[in-house]
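What follows is a single structure, written as C-alpha cells, with notes after it.
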Amino acid sequence: MKGNRISWSVDNVAGRLRRWAWRLPGAVLGLAAWTAAALLPALGGAHAQAAWPAKPITFIVGYPPGGGADTVARLLADRLTGKLGQQVVVENRSGASGAIGVATVMRAEPDGYTFLVAASSEIVVGPAVNPALRYDPRRDLAPVGLVGEWPYLLVATPSLPVSDMKEFVALLKANPGKYSYSSFGNHTVIHLTGEWFKTLAQVDALHVPYRGSGASMPDLLAGTVHFTFDSPVATMKLVQAGKLKALAVTAPARLAQTGDIPTTAEQGYPELLSGAWIGIMANKDTPRPIVQALNAALDEALADAALQGVLAERGIAPGGGTPQAFSERIGKELEQWRQVAQKAGLL
C-alpha cells in the first residue's frame with residue numbers, strides 16, 4: 001500500500017453529473033447545473049485537503065531512547081515509511097511515566113501527522129491507579145492499532161546469591177527493606193508488577209523509579225538497585241552476556257526467545273502473569289479515514305515476515321486488529337490493573 005492516499009475524485013463526480021444531465025427536464029437541468037457549479041469548487045478544495053499523507057509523520061514516544069517502546073517505534077517507523085510513501089520520524093518526549101508524550105499528542109493538531117506510540121503503562125496503568133492524571137485515554141485519544149506485546153523477565157544483578165525465585169524470595173524475606181527494584185516510573189506496568197510480586201510473595205523491597213528503562217539499566221548493572229521486571233527487548237542480550245541474572249518469565253509458558261528461563265507459574269506464582277504492549281494512538285479529533293488508513297498500513301507492516309522475525313528475536317508477539325478491538329482491550333485492562341492496585345494497597 002505504498003503511497004496510499006485518502007482522496008476524493010472531483011473528475012469522477014463531474015463525469016457522473018454530465019452523464020446524468022441529458023436525462024433531466026430543462027428546469028431540473030438548470031438546477032442540476034447550478035448545483036454542480038456550486039459543489040465542484042468545494043469538492044476540489046476537499047480533494048486538496050484530504051490527500052494523506054502529504055508530508056512527514058511524527059511518532060511521539062513518551063520515554064528516552066533505548067527502551068522497549070522506543071526500539072519498537074523505530075522498527076515500525078522504518079517499515080511504515082515505505083508503506084505510506086512519507087518519512088515517519090520518531091520523537092522522544094520523556095517524563096512523567098509517559099504522560100508527557102500523551103499530552104504532546106493531545107495538544108497536537110488533529111491532522112494525522114502526529115501520533116503516539118503508546119505503552120500500556122500510560123494508557124491502562126497510570127489512568128487506573130493515579131487520580132492526579134489529567135487525561136482519560138478513552139476520552140482524549142483515538143486507538144489506531146496494537147503493535148505488539150510481550151511478557152516480562154524478572155532479572156537481578158549478578159551479585160545476588162540466588163539462582164531461582166525460591167532462593168530470591170527467601171533472600172528478600174530474610175532482609176526486609178534491604179533490596180530495591182527499579183521501574184521506568186511511578187504508576188507504570190513495571191511498578192505495578194513489582195508491587196504485585198511483593199504482595200504475592202509477602203516480601204518488602206524499595207521501589208526506585210527512573211525516567212525510562214534505559215535510564216535505570218546502568219544502576220541495575222552496577223548493583224545500585226537489585227532487580228526489576230523488564231521486557232526481553234531491554235534485558236535478554238544482557239542476560240546472555242552474563243551481565244544480568246534471569247530468574248523468571250511472567251508468561252503462561254516458556255518462550256523460545258528466552259531459552260530455558262522458567263515461568264513464574266512454574267515457581268509457585270501462577271497469578272503473576274504480567275507484561276506490556278505497544279500501540280499507536282491519535283488525537284481524539286483525528287479524522288476517522290486517516291485512523292483507518294494508518295491501521296491498514298500497520299496491519300500490512302505487521303504481516304511482513306521480516307518484521308515478525310525481528311520482533312520475535314526480542315520476545316515480542318506482533319499485534320494487529322481493528323481500532324475497535326484495541327479500544328475494547330484498553331477498557332478491559334484498565335479494570336484489571338485497578339484491581340491489582342487495590343490488592344497492593346495503592347488505591
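Compute the acute angle (0 to 90°) between the alpha-carbon long axis of helix 189-201 and the principal axis of greatest extent of the alpha-carbon atoms of the chain; round to the nearest 10°.
Between the helix axis and the principal axis of the chain, the angle is about 40 degrees.
With a 1.4 Å probe and all protein chains left in place, how much accessible area per residue does the chain have, in Å²?
Spelled out: the 1.4 Å probe surface of the chain, per residue, equals 44 Å².
Mind checking the angle between helix 213-222 and the chain's longest principal axis? C-alpha axes, 0 to 90 degrees, to the nearest 10.
The two axes meet at around 20 degrees.
For the stretch 179-225, which whole-number percentage of the solvent-accessible area (1.4 Å probe, protein heavy atoms only) is attributable to carbon and sulfur atoms?
53
Once phi is turned into ³J(HN,Hα) by the Karplus curve 6.51 cos²θ - 1.76 cosθ + 1.60 with θ = phi - 60°, what whole-Hz value does each residue of the stretch 251-263 show in order, with x for glycine and proline?
Per residue, the Karplus-derived 3J(HN,Hα) values read 10, x, 9, 4, 9, 4, 6, 10, x, 9, 5, x, 7 Hz.
Pairs LYS166/LYS243; LYS173/LYS198; LYS55/LYS83; LYS178/LYS198; LYS166/LYS198; LYS166/LYS245: which exceed 19 Å Cα-Cα?
Working: LYS166/LYS243 21 Å; LYS173/LYS198 10 Å; LYS55/LYS83 14 Å; LYS178/LYS198 14 Å; LYS166/LYS198 13 Å; LYS166/LYS245 14 Å.
Violating the 19 Å limit, Cα to Cα: LYS166/LYS243.
How large is the charge dipole for the chain, taken about the Cα centre, if only the Cβ atoms of Lys, Arg (+1) and Asp, Glu (-1) carry charge, to the nearest 20 debye? Before the final figure, lay out the partial values.
Values: 31 positive and 27 negative charges, 173 e Å.
Rounded to the nearest 20 debye, it is 820 debye.
Round to the nearest 10 and give me the degree value, 0 to 90, for the angle of helix 165-174's Cα axis relative to the longest principal axis of the chain.
Roughly 60 degrees between the two axes.
How much of the calculated P(r) for the stretch 75-139 lies past 17 Å, in percent of all Cα pairs?
Value for the stretch 75-139: 47 percent of Cα pairs lie more than 17 Å apart.
With N denoting the number of residues in the stretch 187-279, provide Rg(C-alpha) divided by 2.2 N^0.38 Å, to two decimal places.
Ratio of Cα Rg to 2.2 N^0.38 Å: 1.06.
Starting at the first residue of the stretch 154-161, write each ³J(HN,Hα) from the Karplus equation 6.51 cos²θ - 1.76 cosθ + 1.60 with θ = phi - 60°, in whole Hz, x for Gly and Pro.
For the stretch 154-161, the Karplus-derived couplings read 8, 10, 10, 4, x, 6, 5, x Hz, x marking Gly and Pro.
At a threshold of 8 angstrom on Cα-Cα distance, excluding pairs fewer than six apart, so keeping six or more, what relative contact order does the chain reach in percent?
This gives 23 percent for the chain.
Label-point separation (nm) for ASP260 and GLU328, each offset 7 Å from Cα along Cα-to-Cβ?
4.2
The values are calculated or read from the model by the stated rules, or taken from the named source; none is laboratory data. Keep in mind that this is a model prediction, so the values were computed, not measured. Don't worry about glycine lacking a Cβ; one is built from the backbone with ideal geometry, like all the others, and counts go over all protein chains shown. Only protein heavy atoms, including side chains, enter the accessible area calculation; ligands, DNA and RNA are left aside. Shrake-Rupley method; radii C 1.70, N 1.55, O 1.52, S 1.80 Å.
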